[in-house]
Every structure is written in C-alpha cells, then in structure tokens.
Amino acid sequence: MTTSLRALLAAVTGAGMLTSVACGDGGRGAAGPDGADTGLAGTVTVFAAASLTDVLTEAADAFEAQHPDVTVEVSFAGSQSLREQILAGAPADVYASADGTDMDALAAAGELAGHPRVFARNSLQIVVPAGNPGAVDGLADLGEPGLLVGLCAPEVPCGRLGLRALAEAGVTPEPDTEEPDVRSLLTKVAAGELDAGLVYRTDVLAGGDDVEGVALDPAVAAEIGYPVATLARSDEPDIASAFVDALVSDTGRSIVESHGFAAP
Amino acid sequence: MTVRRRRARTRPPAALVPLAVIALTFLVLPFVALLQRAPWSSMGDLLGEPLVTDALRLSVVSALAATGLSLLGGVPLAWVLARTEFPGRAFVRAVVLLPMVLPPVVGGAALLFAFGRRGLVGAPAYDGTGLLLPYSLAGVIAANTFVALPFLVVTVEAGLRTADRRYEDAAATLGASRWTTFRRVTLPMVAPSVVAGAVLCWARALGEFGATVTFAGNLQGRTQTMPLAVFLALESDRDAAIALSLLLIAVSLAVLVPLRDRWLAA
C-alpha cells in the first residue's frame with residue numbers, strides 16, 4: 001500500500017505540469033571528454049510530448065556528450081499545447097510529437113523545415129492493478145458493467161486510439177470514468193480504484209510493481225508512431241538536423257528501446 | 001439591532017486611484033480577451049449540446065449540494081473555533097485551511113486514500129455494503145465540499161469574532177437558553193457573513209476541477225462538471241471551450257451580482 005500511495009502522490013503532483021529541462025553546462029568552446037569535434041556550436045531548443053520525457057532527456061544528454069559546444073534545451077508538455085505554442089511563434093528548433101495529427105497541422109501551416117520522421121512506436125495495453133483483482137484478460141472485459149473500467153477521454157490521443165481498438169474488437173465499453181490524460185488513468189489503476197484501463201505499454205512499465213499489463217489481441221493492437229521534425233523558423237537548422245539524425249540513428253534507437261518504446 | 005449609518009461619499013486619496021485601476025484592469029483584461037475570442041455565431045449550437053447541458057446541470061447541482069453541506073457543518077465548526085478555548089485550537093484552524101492551500105489534485109488523491117475502494121474508510125464501506133463514492137455524483141459533491149468548506153468556515157468565523165458579544169450576554173441574562181441565543185441572536189447577527197461565506201463556497205465549488213477529476217473521475221452525464229468539460233474541450237475544440245467558459249462566467253455573475261450588497265453589508 002505504501003508504495004502505491006507514494007506512486008499515486010508522485011503521479012498526481014506531476015500530472016499536467018509543464019516540465020522544462022535544461023541540460024548541460026551551457027559553456028561554449030569547452031573541449032569534450034572524448035574530444036569529438038563536429039564543428040557544431042550553439043543552443044538548440046526541442047519541444048517534446050510529455051510522454052517522451054525520459055527518452056528525450058537521455059537523448060539530449062547523449063547529443064551534448066557528442067557535441068561539446070552544443071546545449072540542448074528540452075521543453076515537455078502535451079503535443080497539442082506545444083503545437084499551439086509553435087503556431088504562436090515560440091522559439092523552437094525541433095518538435096517531437098505523440099500524435100501524427102499535431103505534426104500534420106504544423107506541416108499544413110508551413111512550420112516544418114524537413115519531413116517528419118518516426119523515431120519511436122508505442123502500443124496500447126490493458127493495465128490492471130497488481131494481482132489483477134478483476135481477472136481481466138482481454139478487451140471484452142472493458143464492456144463488463146460489473147468491473148470498474150477507465151478509459152482516456154475521447155478528446156485525447158490515447159482515448160481516440162482506445163475507442164478504435166475497442167470498435168475493431170467489437171466491444172462496447174462501459175467506462176466508469178474517461179480520464180483527461182493517460183497518467184491520471186494510470187494513477188487510479190495503480191491505486192486499485194479501477195479494475196482495468198487502456199493505456200500505452202510504456203505507461204504500464206512506468207507504473208512499476210503496482211500494475212500489470214495485459215497484451216491486446218495482435219489483430220486489434222493499436223499502434224502509434226512518434227514523429228520528429230525540424231522547424232522552419234529555427235535559428236540553428238544545422239544543429240536541429242543533426243539532433244533529428246541522432247534520434248533516428250542506432251544510438252537513438254537503443255535509447256528509445258531502453259524506455260519501453262519500439263523502434264520504428 | 002445594528003445601527004446603519006449612510007456615510008457621505010468621499011473622494012479617495014489620489015495615490016489609491018491609479019493602483020486600483022491597475023488592479024481592476026489586471027482582473028478584467030483576461031475576460032475581455034476571452035470575449036474577444038468567443039465564437040458568437042456558433043454559440044447557440046455549442047451551448048445546446050447535451051454535453052453542455054449535462055455538465056451545467058451537474059455543476060449547479062453539485063455546487064448547491066456542497067454549499068448546503070458546508071453550511072450544515074461549517075457554521076457549527078466556525079462557532080467552535082471562534083467561541084471556545086481548547087488546546088490545539090490554532091492547529092485545528094490550520095487543518096481547516098489546508099484544502100485552500102493544497103493543490104486540488106492532491107486533495108483529490110487524499111480523498112481517494114480515505115474514501116476510495118481501497119481507502120481508509122472506503123474499503124470497509126465498500127466491502128460491507130458495496131457503497132462507492134468515486135465515479136458518482138456523490139463523489140463530485142464530496143470533492144466540492146472538501147475544497148469549498150474552508151471558505152465558509154473562515155468567513156463565518158471572522159464574522160463571529162467581530163460580532164458584539166454583549167447582545168448574546170444580554171439574551172443569556174434575560175433567561176434565553178444557549179440554543180435560543182445562538183438561533184435568535186448570534187445567527188441573525190452574523191447572517192451577512194454566513195451569506196458571504198456561502199457565496200464564496202458556492203463559487204469555489206462551481207469552478208472546482210482538480211479534486212473532482214482525481215476523486216470522482218470524468219464521465220458525461222454522471223461526473224463531468226463544467227470545468228472538466230472546458231478542460232477536455234480545450235484539447236479538441238477551442239471554440240467550444242470558450243463558449244463553455246463564458247456560460248460558466250454568466251452563471252457565476254448571475255449569482256454574485258445580486259448578492260453583492262448583502263455581502264458588503266458584513
């Protein structure tokens with residue numbers, strides 16, 4: 001109980017918070033420990049979806065280690081709110097989104113410099129409290145009125161994806177709550193206040209020992225790709241492209257996989 | 001009972017005027033900006049949708065119920081804090097104020113730990129009777145009451161502390177019981193504070209978001225109040241979100257404006 005309480009508190013206090021992480025020492029001209037000299041120098045700002053926090057923080061550190069004269073600043077928030085910020089002229093060089101539609105909107109507005117490239121994939125899983133008290137073993141259980149079931153609200157990406165998977169499986173869900181974001185849904189399942197929820201596989205991993213995942217039937221396993229692109233109004237297009245290249249490289253791929261995402 | 005004196009209108013000290021204007025502008029400007037972004041042409045259609053009418057009904061009902069519960073428990077609590085001496089009173093008052101300073105989502109999580117299916121009190125209640133507060137209108141009311149009750153207690157306690165105790169003493173001297181004194185003397189004397197506290201309480205409950213979504217969840221027609229509907233609309237349809245916000249503002253003003261004078265009488 002104590003662990004789940006702590007996890008719950010950590011999750012609720014962190015929920016919805018816009019986290020901004022500045023990496024590196026910001027110093028220019030210092031020679032890197034491995035002496036790599038790539039000629040790149042300056043600061044690059046990356047806007048990334050909140051669900052990519054761990055991946056992008058590590059990728060930024062790795063990029064800075066490789067390019068000693070470069071500082072990477074990453075700002076994390078919901079894909080949609082970052083999209084709005086970029087449209088409103090926020091100074092960003094790279095955008096990594098959790099939803100193709102937000103990237104498409106920026107492409108349509110002429111905000112992208114290059115083509116979006118998918119660098120990570122994620123898929124839906126059923127999340128249940130440790131011990132699976134509701135004996136949930138598939139999507140059909142989400143239509144069970146006797147169970148306490150949570151979904152993401154249809155307005156947010158995980159909710160849209162979830163409804164699609166349920167429709168493909170021919171299940172009419174009986175949700176007791178439609179949570180405004182995936183983390184608040186995970187929080188309620190981890191606390192044992194719901195018998196089942198539909199979240200991303202990476203969220204099940206983030207839930208640790210308090211939750212278990214139930215894989216979906218591969219026929220309906222809904223998958224999403226995370227695209228990244230350089231932005232048209234970037235002041236540092238060379239560094240921005242180098243960062244995107246690094247993200248889709250083998251090094252980037254291993255970082256992505258180490259956090260539970262699938263490589264593209 | 002209280003002597004009301006109408007004072008001649010006075011001119012404010014010159015130094016206050018610009019600061020007052022700045023403060024007012026700061027408060028009003030965001031609402032002007034909201035009005036300027038409002039989708040006036042599609043407003044009627046947006047506000048007629050079942051999602052909106054459901055949310056409005058749930059908001060009004062839950063805020064009213066929370067205010068009623070707060071009056072029921074909050075007035076006696078304010079009286080105890082204002083009129084009795086007991087060890088640890090300062091600590092109790094601080095605890096009463098906690099929901100005002102706590103981030104509401106943390107308050108919602110705490111409610112879940114207490115009244116959820118696995119909660120301190122919730123678990124035995126659920127196992128024994130199947131009773132479950134979360135995911136129901138009762139859960140929304142509980143969350144609203146938790147965050148709004150302190151506003152009533154603080155306001156009524158301040159009223160009780162500034163009220164003239166001699167009237168109560170006189171009533172007692174004339175043979176009135178303690179209950180009669182409370183009902184016929186104390187309560188009418190602090191009525192403006194009670195009204196003010198109830199209005200603050202209602203307004204806070206109407207706008208409640210964090211504790212509600214964390215404790216009661218979000219489901220249209222069952223637990224989705226106006227603030228939850230606005231938050232989700234922001235994710236997908238900004239016009240709808242602004243229309244909903246304006247409706248919430250209109251409902252609040254409809255209650256706050258007529259009550260202003262009674263409130264100020266305190």
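None of the figures in this text is laboratory data; all of them are computed from the coordinates on show. What you see is a predicted model; the values in this text were computed from it and never measured. Counting neighbours? That spans all protein chains shown, and the Cβs are built from the backbone with ideal geometry, glycine included.
Of everything in segment B:198-222 that's closer than 14 Å to B:Ala63 by Cβ and either in contact with a Gly (Cβ under 8 Å, 6 or more places away or on another chain) or within 11 Å of chain A (Cβ to nearest Cβ) (or both), which residue is surrounded by the most Cβ atoms within 10 Å (Cβ to Cβ)? Walk me through how you get there before you give the answer.
Of segment B:198-222, the ones closer than 14 Å to B:Ala63 by Cβ are B:198-209, B:211-212, B:216.
If we keep only those that are either in contact with a Gly (Cβ under 8 Å, 6 or more places away or on another chain) or within 11 Å of chain A (Cβ to nearest Cβ) (or both) too, we end up with B:201, B:209, B:211-212, B:216.
Working: B:Cys201: 30, B:Phe209: 19, B:Ala211: 28, B:Thr212: 32, B:Ala216: 30.
Ranking the qualifying residues of segment B:198-222, first place goes to B:Thr212.
Among the candidates B:Val195, B:Val257, the residue that is out of contact with any helix residue (DSSP H, G or I) (no Cβ under 9 Å at 6 or more places or on another chain) and of a type in the set (Val, Ile, Thr) is uniquely B:Val257.
For A:Gly192, are the conditions met, namely being within 14 Å of chain B (Cβ to nearest Cβ), touching a strand residue (DSSP E or B) at 6+ places or on another chain (Cβ under 9 Å), of a type in the set (Gly, Ala, Ser) and assigned to a loop (DSSP other than H, G, I, E, B)?
Numbers: within 14 Å of chain B (Cβ to nearest Cβ): yes; touching a strand residue (DSSP E or B) at 6+ places or on another chain (Cβ under 9 Å): yes; of a type in the set (Gly, Ala, Ser): yes; assigned to a loop (DSSP other than H, G, I, E, B): yes.
The answer is yes for A:Gly192.
If you check B:Leu137, B:Leu81, B:Leu64, B:Leu112 for being more than 30 Å from A:Gly150 (Cα to Cα) and either surrounded by 14 or more Cβ atoms within 10 Å (Cβ to Cβ) or touching a Phe, Trp or Tyr at 6+ places or on another chain (Cβ under 8 Å) (or both), only one passes: B:Leu81. Within segment B:101-114, the set of residues being within 21 Å of the chain's Cα centre (by Cα) and of a type in the set (Phe, Trp, Tyr) is empty.
Taking the criterion of being farther than 15 Å from A:Ser184 by Cβ and free of Cβ contacts under 8 Å to residues at least 24 places away in the same chain, the residues of segment A:112-162 that qualify are A:Ala135, A:Gly146, A:Arg160. Of the strands (runs of 3 or more DSSP E) lying entirely inside segment A:82-182, the ones with 1 or more residues being more than 16 Å from A:Ala49 (Cα to Cα) and either of a type outside the set (D, E, K, R) or out of contact with any Leu (no Cβ under 8 Å at 6 or more places or on another chain) (or both) are found at A:117-129, A:149-152, A:177-179. Which residues, taken from segment B:223-258, are within 12 Å of chain A (Cβ to nearest Cβ), buried (at least 24 other Cβ atoms within 10 Å of the Cβ) and closer than 15 Å to B:Ile141 by Cβ? Residues satisfying the conditions are B:Thr223, B:Gln224, B:Leu228.
Would you call A:Leu106 surrounded by 18 or more Cβ atoms within 10 Å (Cβ to Cβ), within 27 Å of A:Ile239 (Cβ to Cβ), in contact (Cβ under 8 Å) with a residue 24 or more places away in the chain and away from every other protein chain (no Cβ under 14 Å)?
Values: surrounded by 18 or more Cβ atoms within 10 Å (Cβ to Cβ): yes; within 27 Å of A:Ile239 (Cβ to Cβ): yes; in contact (Cβ under 8 Å) with a residue 24 or more places away in the chain: yes; away from every other protein chain (no Cβ under 14 Å): yes.
When the stated conditions are applied, A:Leu106 passes them.
Quick one: in segment B:107-123, which of the residues that are of a type outside the set (Val, Ile, Thr) and assigned to a loop (DSSP other than H, G, I, E, B) is farthest from the other protein chains (Cβ to nearest Cβ)? Don't jump to the end; show me each part of the working.
To start, the set of residues in segment B:107-123 that are of a type outside the set (Val, Ile, Thr) comprises B:107-120, B:122-123.
Subset that is assigned to a loop (DSSP other than H, G, I, E, B): B:116-120.
Values: B:Gly116: 5, B:Arg117: 5, B:Arg118: 4, B:Gly119: 8, B:Leu120: 10 Å.
Per the stated criteria, the residue is B:Leu120.
Annotation: of all residues in segment B:88-100 being over 17 Å from the mean Cα position of the chain (by Cα) and in a helix (DSSP H, G or I), the one that is surrounded by the most Cβ atoms within 10 Å (Cβ to Cβ) is B:Arg93.
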